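Data block below; observations after.
FYI, it's all coordinate maths here, none of it is from the lab. Keep in mind the model is a prediction, meaning the values are calculated, not measured. Reconstructed Cβ throughout: ideal geometry from the backbone, glycine too, with neighbour counts over all protein chains shown.
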Amino acid sequence: MILVSKIYTAAMARARIEESERKDFYLYVDEFQNFVSGTFADILSEARKYKLCLIMAHQYIAQLEPPKGLGDV
């Protein structure tokens, strides 16, 4: 998940760039269920304003269910 964190950090660093000068950046994530994390939740809620666009693919919705026991944490 280090790569996901680095992408998030890079997206947030774009705050220093004038909004009119930011270019769209597209991130395609195949087999998204393998990368689901709190960092991805942050990316989904914050990164769009910095022109990070996400395209996520997976086979079926049940793959995105939280792991068993996660609610106990």
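Observations on the model:
- A simple spin-label model places pseudo-atoms 7 Å from Cα toward Cβ; at Lys23 and Arg48 they are separated by 2.3 nm.
- In a fully extended conformation the segment linking Arg16 and Asp30 would gain 2.1 nm over its present Cα-Cα distance, using 0.36 nm per residue.
- Under 17 Å from Lys51, Cα to Cα: aspartates and glutamates that are on another chain or at least 8 residues apart: Glu18, Glu19, Glu21, Asp24, Asp42
- Axis of helix 2-13 versus longest Cα principal axis of the chain: the two differ by about 30°, to the nearest ten degrees.
- Binned Cα-Cα distances of the chain, short to long, each 5 Å bin given as a whole percent: 3, 15, 24, 22, 16, 10, 6, 3, 1
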